[in-house]
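Novice: Okay, handing you the structure first.
The values are calculated or read from the model by the stated rules, or taken from the named source; none is laboratory data. Please read all numbers here as calculations on a predicted model, not as lab measurements. A quick note on method: Cβ atoms are made from the backbone with ideal geometry, for glycine too, and the neighbour counts reach across all protein chains shown.
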Amino acid sequence: MNSPELAQKKLVEVISRYDKPTVLGKIMFIFFFLVLLFAIYAFITQTIKGQIVTGMRDYVVWGIYDVNFIFFIGISYAGAMISGILHLLHVEWRKPIIRIAEMITVISVIIGPVFILVEMGRLDRIFNIFTHGRIQSPILWDVVAILTYLSCSILFLYLALIRDYALLRDNTVLKISKFRRYFYKKLAATYIDLPQQKKFLNRALTIMSALIIPLAVLVHSVLAWIFGMTIRPGWHSTIFAPYFVVAAVFSGTAVLIIAMWFFRKFYHLEEYILEKHFKYIGTILLVLAALYGYFTFSEYLTVWYGSETWELEVVYKLFDFSAYGAWFYLAAFVGVLVPMIFTGLPFLRNINTITIGSVVAVICMWIKRYLIIVPTLETPLLPLQDIRPEYAHYTASWVEWTLTAGGIATFCMFFMIFIKFMPIIPVADIAEVSEKKEFISEKL
Amino acid sequence: MPKKNKKDPSRRDFLIKGLNIAAGTLLGGGILASCTKEPEPQGTGEKIKVLTADGQLMEVDRGHALCCNAPTSKEVRKGISGRHFVMVIDLSRCRNARACVNACNKMHFLQPGHEWIKVFLMQDSDDTSPYWMPKPCFHCDAPPCVNVCPVGASFKREDGVVLIDNMRCIGCKFCMAACPYSSRVFNWESPPVKVSAKFSPETGVPQRKGTVGKCDFCPDSFANGILPDCVTACPNGVYFFGDKNEDVVTNGQESVRFSELVKDKAAYRYMEELGTRPNVYYLPPVDRRFPVQEGFEDIPENVKKGYEVKRAHLKKFKF
């Protein structure tokens with residue numbers, strides 16, 4: 001069988017697995033949409049009344065908006081690091097999962113910065129960043145880094161999609177509406193699988209994957225520097241940038257595993273996303289969990305042993321059960337050890353346990369980001385005096401929680417929409433792999 | 001050659017489209033810029049005679065003349081050349097009378113809980129005795145808040161004053177996180193008191209929802225030779241304000257040489273080790289005029305509550 005026919009067959013086979021909308025899918029979509037609407041209502045409330053409706057006050061000036069921002073930028077590492085590195089290393093088994101990873105990247109890099117916009121007091125003056133921008137400010141670094149990262153990750157996703165769009169354009173079996181066919185034709189960009197086109201496309205993908213790795217590292221480093229550049233206890237640390245990067249890859253990998261589980265289950269991709277994928281990515285998760293645990297240990301041991309007054313106060317807040325102790329132990333021990341046990345011990349290791357480990361990791365990483373931001377802001381260098389008592393402690397309000405839920409709902413909703421326009425499995429690549437296999441087996 | 005002919009118009013098309021897009025971008029930028037620009041004062045049609053600096057008599061529009069009395073936004077950002085404003089706070093005289101706080105609130109139309117001056121009850125260690133410490137903005141010479149501002153809404157002037165342009169502030173609150181002294185307050189909602197004055201960073205009035213405010217050293221007052229309100233309001237002469245270059249500071253009743261005062265009384269700057277180089281000096285609380293307890297006597301109940309916020313008693317994790 002020659003390759004275009006095989007690829008077309010594969011395409012039809014993959015798309016027909018999940019193309020029919022299910023009742024559950026529709027209900028979920030409507031649910032996510034309602035959550036998003038509610039979040040928009042919360043945002044309008046905040047815009048009209050001011051940020052008084054949030055839990056943020058003069059000491060804790062950043063709340064869970066910032067936590068969500070770091071969290072979403074963190075999980076964007078799935079595509080950048082996993083897909084980028086595996087591409088550069090020419091790992092063949094990566095192919096069924098890279099599309100999911102790259103989608104996670106694009107979607108989370110779109111959603112993450114929205115939380116920073118929501119956190120700003122005067123969103124109407126956002127253009128001042130461009131008209132009056134000062135490059136001395138880490139926020140400007142962040143704007144530049146994230147915009148570059150976003151455009152590069154969209155390009156990376158698109159380049160990998162071109163061959164699939166070409167297949168969709170040429171397909172005669174699937175029912176494709178006129179509008180969609182036009183859309184596919186434009187996006188396929190005259191690709192007809194000429195050897196030269198293929199060569200160029202591969203080269204472009206290699207360049208992009210080499211580019212996206214340092215970019216991703218830079219984005220999260222800049223994010224860490226926003227905190228690291230201030231002279232505040234708990235933030236002013238030289239390892240903050242690598243610590244954030246490792247935490248981001250860790251959470252990104254965990255989200256990738258969860259997404260793989262969902263697609264396998266609800267989009268019936270059991271034959272493509274195999275147990276071995278979970279085990280391989282699980283091993284990566286294991287290494288990252290260990291690395292992240294090491295960074296956490298190193299950071300807090302140094303600060304605690306050094307016993308500087310203010311640093312110590314933050315550390316005690318994290319260690320003491322009357323303050324953030326329970327959350328800290330959950331994030332620092334459970335969040336590291338549970339994923340390690342589930343991915344590390346062979347007799348415990350299967351698709352479901354690895355996914356549970358990843359869920360624990362993702363939740364704990366969110367909590368950890370909270371513990372990085374809030375306790376430090378609750379520990380000013382001057383006494384907490386001559387203030388309104390309610391300013392001393394931060395509790396997120398319903399507006400903040402609603403917007404957080406809105407972010408997660410939009411994340412899932414974007415996935416459902418994206419899948420309508422791009423095959424979840426890179427069919428052209430997969431067909432190539434199976435063709436090679438057939439060729440080998442024929443020879444044998 | 002029909003194919004080639006077809007190619008050319010498309011290229012021209014592309015060029016025209018590109019130019020259109022570029023023009024559109026420029027236009028959009030222009031509109032944006034005009035939105036951010038402050039409106040020019042309108043001419044009133046009435047002419048008045050003014051004397052220029054080189055002794056010539058000129059006739060100008062009244063509207064424009066008024067504009068020239070108030071400093072332009074460029075002058076506000078530059079400050080008064082050759083000056084270096086400093087403040088010395090004598091801790092031995094403070095008894096938390098809160099006249100400075102109230103005067104400042106009144107002058108800047110601040111709502112309660114948004115004070116620009118805070119008075120702390122400090123105790124450096126368990127064995128030393130407590131004392132009252134008023135804290136305005138320190139107007140640091142190496143201000144972390146100015147460094148991190150993404151739009152230059154916080155700026156440092158030549159005369160040492162750090163100000164906020166709340167017409168430019170985007171409300172990212174990075175400056176609040178960066179200030180190690182927590183000197184900045186945020187307008188979480190629209191200020192309840194409406195002030196009709198035109199905003200100037202020098203007066204800090206009116207406050208705006210979603211922007212940052214802080215003590216501004218009252219540069220509009222000292223431009224006219226008037227001391228800041230906190231200095232004149234203090235019944236005990238705690239605050240000394242003046243010019244470091246002129247080497248004079250005054251609390252309204254007595255004027256002293258700045259260099260001698262800080263040397264004789266062993267002045268210090270709060271948390272010198274942070275490297276922010278504040279322009280506010282403290283005279284140590286020795287030979288205090290009032291017992292500390294007096295500070296609690298005649299303050300309202302809600303203010304008293306502000307001193308009951310305790311840092312959490314945390315367990316000590318030791319070897």
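Novice: Checking residue A:236 against (1) surrounded by fewer than 17 Cβ atoms within 10 Å (Cβ to Cβ); (2) in contact with a helix residue (DSSP H, G or I) (Cβ under 8 Å, 6 or more places away or on another chain); (3) assigned to a helix (DSSP H, G or I): exactly one of these is not met. Which one?
Specialist: (3)
Novice: When you go through A:41, A:59 one by one, which is the residue that is outside any helix (DSSP H, G or I) and either hydrophobic (A, V, I, L, M, F, W, C) or touching a helix residue (DSSP H, G or I) at 6+ places or on another chain (Cβ under 9 Å) (or both)? Don't jump to the end; show me each part of the working.
Specialist: On the way: A:41 fails: outside any helix (DSSP H, G or I).
So the residue among A:41, A:59 that is outside any helix (DSSP H, G or I) and either hydrophobic (A, V, I, L, M, F, W, C) or touching a helix residue (DSSP H, G or I) at 6+ places or on another chain (Cβ under 9 Å) (or both) is A:59.
Novice: Got at least one residue in segment A:148-170 being assigned to a helix (DSSP H, G or I), free of Cβ contacts under 8 Å to residues at least 24 places away in the same chain and closer than 30 Å to residue A:44 by Cα?
Specialist: yes
Novice: Here is a list: A:258, A:273. Which entry is within 30 Å of residue A:23 (Cα to Cα) and under 15 Å from the mean Cα position of the chain (by Cα)? Don't jump to the end; show me each part of the working.
Specialist: Details: A:273 fails: under 15 Å from the mean Cα position of the chain (by Cα).
Exactly one residue qualifies, and that residue is A:258.
Novice: Another one. Suppose we keep only residues that are surrounded by fewer than 17 Cβ atoms within 10 Å (Cβ to Cβ) and in a loop (DSSP other than H, G, I, E, B) within segment A:380-418. Which one would you say is nearest to the other protein chains (Cβ to nearest Cβ)?
Specialist: Top of the filtered list is A:388.
Novice: Next question. Among the numbered criteria (1) within 14 Å of chain A (Cβ to nearest Cβ); (2) touching a Lys or Arg at 6+ places or on another chain (Cβ under 9 Å); (3) part of a loop (DSSP other than H, G, I, E, B), which single criterion is violated by residue B:101?
Specialist: Here residue B:101 clears every test but (3).
Novice: Of the residues B:112, B:143, which is in contact (Cβ under 8 Å) with a residue 60 or more places away in the chain and buried (at least 21 other Cβ atoms within 10 Å of the Cβ)? Outline the logic, then answer.
Specialist: Values: B:112 fails: buried (at least 21 other Cβ atoms within 10 Å of the Cβ).
Being in contact (Cβ under 8 Å) with a residue 60 or more places away in the chain and buried (at least 21 other Cβ atoms within 10 Å of the Cβ) holds for just one of B:112, B:143, which is B:143.
Novice: Within segment B:115-130, can you find the residues that are within 12 Å of chain A (Cβ to nearest Cβ), in contact (Cβ under 8 Å) with a residue 60 or more places away in the chain and more than 23 Å from residue B:184 (Cα to Cα)?
Specialist: B:130
Novice: Would you pick out the residues in segment A:196-247 that are polar (S, T, N, Q), more than 17 Å from the chain's Cα centre (by Cα) and farther than 19 Å from residue A:428 by Cβ?
Specialist: The answer is A:230, A:237, A:238.
Novice: Does residue A:112 satisfy being among the small types (Gly, Ala, Ser) and free of Cβ contacts under 8 Å to residues at least 24 places away in the same chain?
Specialist: Values: among the small types (Gly, Ala, Ser): yes; free of Cβ contacts under 8 Å to residues at least 24 places away in the same chain: no.
The answer is no for residue A:112.
Novice: Return only the number of the condition from (1) within 15 Å of the chain's Cα centre (by Cα); (2) surrounded by fewer than 16 Cβ atoms within 10 Å (Cβ to Cβ) that residue B:86 does not satisfy.
Specialist: Only one criterion is unmet by residue B:86, namely (2).
Novice: Can you confirm whether segment B:262-283 contains a residue that is modelled with pLDDT of 95 or more, away from chain A (no Cβ under 14 Å) and touching an Asp or Glu at 6+ places or on another chain (Cβ under 6 Å)?
Specialist: Yes, because at least one residue in segment B:262-283 is modelled with pLDDT of 95 or more, away from chain A (no Cβ under 14 Å) and touching an Asp or Glu at 6+ places or on another chain (Cβ under 6 Å).
Novice: Suppose we filter B:155, B:138, B:174 for residues that are closer than 25 Å to residue A:123 by Cβ, crowded, with 23+ Cβ neighbours inside 10 Å and aromatic (Phe, Trp, Tyr); which single one remains? It would help to see each step written out before you state the result.
Specialist: Details: B:155 fails: crowded, with 23+ Cβ neighbours inside 10 Å; B:138 fails: closer than 25 Å to residue A:123 by Cβ.
Step by step, each of B:155, B:138, B:174 is checked, and only B:174 is closer than 25 Å to residue A:123 by Cβ, crowded, with 23+ Cβ neighbours inside 10 Å and aromatic (Phe, Trp, Tyr).
Novice: Residue B:185 - would you say it is of a type outside the set (Phe, Trp, Tyr), facing another protein chain (nearest Cβ under 8 Å), over 25 Å from residue B:286 (Cα atoms) and within 11 Å of the chain's Cα centre (by Cα)?
Specialist: Judged against the criteria, residue B:185 is a match.
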